[in-house]
Structures are given as C-alpha cells and as structure tokens.
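Written out below as structure tokens is the structure these notes cover.
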Amino acid sequence: MAFSSSTRSLFNLKLTKTHSSSLHHQPKKKPVILFSHAHFTPPLRSTNNDCFRANYGTFTNLSAPRLRFSVKVGSPDHSSGDEAQSLISEATQQEEFSWVSVIIPFLFPALGGLLFGYDIGATSGATISLQSPELSGTAWFNLSAVQLGLVVSGSLYGALFGSLLVYPIADFLGRRRELIISAVLYLLGGLITAYAPSLSVLLVGRLLYGLGIGMAMHGAPLYIAETCPSQIRGTLVSLKELLIVLGILLGYFVGSFEINAIGGWRYMYGISAPIALLMGIGMWLLPPSPRWLLLRAAQGKGSVKEYKEKAVLALSKLRGRPPGDKVSERQIEETYVSLKSAYADQESEGSLLEVFQGPNLKAFIIAVGLVLFQQITGQPSVLYYAGPILQTAGFSAASDATRVSVVIGLFKFVMTGIAVLKVDELGRRPLLIVGVSGLALSLFLLSAYFKFLGGFPLVAVASLLLYVGCYQVSFGPISWLMVSEIFPLRTRGKGISLAVLANFASNAIVTFAFSPLKEALGAENLFILFGVIALLSLLFVVLLVPETKGLSLEEIESKLSK
C-alpha cells in the first residue's frame, strides 16, 4: 500500500510540532489532532505494512479492509473545519481485501433473510394446498377465515414478539449467538410445521418460525455491518435484501412444484429446515463481532484481557490472517483505547431511554421513519393487485396464481440486484429520492387506471412494474441498510430491535387495514392515499436522511452527533 507524502506526515505528526510540509497551511498555534475514526485492515498481500507507523491513530472499524480517517485538525475551539475536511480526503486510502474472507461472514447471516423471504413465498402456495380437500392430506382442511388468517400471520406475530424479546437481551447475547438461536428457531419452526398433526401444532410451529424471523432480521444486518469492509458495506447489507427476494422466489417455485402433491404444504414449509441447519452450522463456525467484544470490554462486562484476546482471534479469522497476528493485536489494542476513551464519561451500558436522547433520537427517527414509510406506502397492498392487473393485460400466466407470483418475484429480484450493484457507487440518498419519486408516480398512475383508464391495461402493467422496480431500488434494500448503519454503537442493538419492531408492526397494520380501507375508499382512492403518503416519505428523505456512502460506522456516528 502506497501512502502520499502528506499522509505519511500526518501519521508521524507530533502534537508539539507543526513543521510538516504537508500541513504548512495550518495555523502555527498548537493544533488539536483527533483521529476519531481511523480504519486499517491490511490486505492479504502488502509490501508496505512496515511503513505504517501512526503515533496517534485509532482503529475502530475492525471490518474495513482499507484505511479511513475522520480527522479534525485545528485549534482547541475546532475552528478549522474546512482544513479538516481537506485532510480527511488526503488521509483516506483504500486497500485490497479478499472476497473469500468477506463472503463467508456475509453468507450465513444472510441466510436468515433468505428464510424470511422463503416463508412469504411458501405460504402463498401452502395455504392453497392446506385448504384443498383432495390435496391437504388432513381431516382438518376446512379452515375458517380466522384459522386461515392465523396460519398466514402466525410467523408475523412471532416476528413481532421476537423483536420485542430481543430488545433487552440483544447486547448481552451478541450478534453471533443471536443468529445461532434464530437458526434453531427456524429449524424447529419448519420441522414442527411440516409434521404438524393438528392445526394447533401447526400454529405453534408458525409462531416459533416467526420468532426466528424477528431475531434474524435484527442480528443479520448488525453482524454484516460490523464485520464487512466499509467501502462495500452498502453492497453487502443490500445483498441481504436480495437474498430475501431470492427466498420469496424460491418459495414461489417450491409452491408451484408441490401444489399438486398430496400434503404438498408440508414439503413447502419443511424445505426451510435444512437451510436453517446450514445457517446454524455456519454461524457456529464464524467468530463473534470484534466490535461487540470490545464494546463489552469497554462496558466492564468481563475481563478486559480476555475480551481483547477474543477480539484479536475474531478479527484474524474474519480477515483470513494467522490466529493472533501482530497486526490484529495492534488494531484491537488501539481500538479498545479509543472505545474506552469515547465512553469514559458515560454509563457502562446504554440505558433504555438513551435511544430517545441526542444523536440516538436522531438515528431512531430516521430508522423508524424509513421502515414505517417502507410499509405504509402500500407495498403489501399493491402486490395484492398483481394478479388482477396482469389478467386485465391478457398475460396467459396470470391465470395461474403461482406463475404470476414467479413473474413478479423475478422482476423484484432483478431490480434488487441493480440496487445492490449501484448502492455504493451512487449512494443511499440518490437511490431513495429517485425510487420514492417513482413510487409516488406509479401509485397515481394505478389510481388513474382504476378511475378512468380501464381501457388501457398496459398502463396498469407498466405502473405495477414501475412500483415494484422503484420499491426494490429504494425502500426495499436501503431502509435496512441505513438502519444497520446509523445507530451509535452503544445503542445499536436496542435501536435496531425497535426498528424491526416498527417494521413488523406497520406491516401488520397495513395488512389488516387494507380490506376495510379498500371497501370504504375504493381502489382508486386508496392508491391516491398511498401516493400522498409516498410524497410525504419523499419529503422525509430529502429533509432528514443523511448520505452514508463510504463512511465507516464510527464516522456516521460522529456525523449524526453534530
């Protein structure tokens, strides 16, 4: 890794001197240098590691395979903000990283998202199979509307309860153990549902599976964000959303293959079990998040030496280095000093109310606002109309509900892939602004179709595809990405659990309110209502949502605190 002369000067800067040629533009009074967020993870191949000698460095991004600094240089009154920004640009370098060491820590947590999506897709076919006198293979196939509703929403209520349950214990469990427990719940839920001898046992299985969803949707973005390189964090966290869509698509395919089999619903639900087992084994083999280990040490939750040793081993394993290598030891030591200093004047652990104070409140408003608008812009309701809209356009596949679902699922998958490829290149805000604008336009076009453009079915199809595409490049992946990024470390576990709770609660509200709203307002007015909400969400994004592209988690925390 090559460093510019100005960067080398910055590394060797003495607090009592200002003679460095790279800093000749600084005032001559004694500067204050704060390396509050530096990140250094060497690549597997580097010939210049020995040149890295930082007298004042804080390495707090354990996951980033590059060097990144958030530097403030100036007088004690911090008056040199513009000069500091210049130094940030000069001091930012990127290193190579091994994709093998990145993909493995991403894949197994992301399976939690795939299993969430799979449940959505499989349930659409399982409910048809379960109620069929010929195909259900049970004597209790004749389900009432309430019983069918409980089967469909059982995992949703389990997810709600899971997000409530994880709130007080997330920081105690840690990200890795939380995901292992989630995998066990997925496994139990899938097996109990597949072999259920009665409706009551089936509902227990659905509830357990939902508990796994609630814990996975909390732990997966946390683990991925805290262990992956900063420059591709957006790509990887968004890729988890792609796996959710892939899970939906997989559920649709399994449903279409097993729809004519006797007891096919058992296979639809049971296929989740081996995937859950793979997830659990993978998470068991992965190390804990080094950030979480050092946070526990800084909070005085155990032996500092023991936590440091574990963090060194975890970082070495995540980066594909020899166990306990010197580079990891140096990073962990300097990171711990920074973390301990940052929380020296605070309580050892974030309190319940701390999420609603200061920068934490700002992060909470942004996170909950994003996941709330993600749901109340009508996403579940618009897809409810997918079949009828495609039928009006004369698509032959629309006569088969499972095939229609596959068509929509494929389009969602493609558009999510585009978002994954572009989120770290274009940034979060541009994709949100463009995507949400497209959402509003598509909703107003759908309203116009139901109101006076019924003779132009292609307008409806185009509007539907525009809605799905815009959602998948904006709210779909980016809401969860930003939720995983913007909470400060002390309250990240609690904050994300509240965001997950808000997501599933708003999902439930929209799902259950859709029918009465449709009956009271009519489809055309309901889509106008969703369109107005989409415009409000666009205003929310423009005014409140910051850009986090390329920033480390610590830099985002610093940005929100100003």
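Data table
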quantity: Residue-span extension gain [Phe257 to Ala520] - 0.36 nm each, minus C-alpha spacing; calculated: 90.9 nm
quantity: Area accessible to solvent at Thr416, 1.4 Å probe radius, in Å²; calculated: 0 Å²
quantity: Accessible area per residue in Å² at 1.4 Å probe, computed on the stretch 98-289; calculated: 34 Å²
quantity: Apportionment of accessible area to carbon and sulfur, the stretch 351-561, percent (1.4 Å); calculated: 73 percent
quantity: Cα gyration tensor, the stretch 95-180 - rounded (a/c under 1.5), prolate or oblate; calculated: oblate
quantity: Exposure ranking of Asp424, Asp119 by accessible area [1.4 Å probe, largest first]; calculated: Asp424, Asp119
quantity: Rounded percent of accessible protein surface that carbon and sulfur make up, the stretch 98-289, 1.4 Å probe; calculated: 78 percent
quantity: Kirkwood hydrodynamic radius of the stretch 98-289, Cα pairs, Å; calculated: 16.7 Å
quantity: Heavy atoms of Leu165: accessible area, 1.4 Å probe, square angstrom to 10; calculated: 80 Å²
quantity: Simple spin-label estimate for Asp325 and Leu544 in nanometres, 7 Å along Cα-Cβ; calculated: 4.3 nm
quantity: Nearest-0.05 FRET efficiency for Leu285 and Lys422, computed from C-beta distance (R0 30 Å); calculated: 0.40
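The values are calculated or read from the model by the stated rules, or taken from the named source; none is laboratory data. Because the structure is a prediction, the values reported are computed rather than measured. A quick note on method: Cβ atoms are made from the backbone with ideal geometry, for glycine too, and the neighbour counts reach across all protein chains shown. Please note that ligands, DNA and RNA were not included when accessible areas were found on the heavy atoms of the full protein model with its side chains. Shrake-Rupley method; radii C 1.70, N 1.55, O 1.52, S 1.80 Å.
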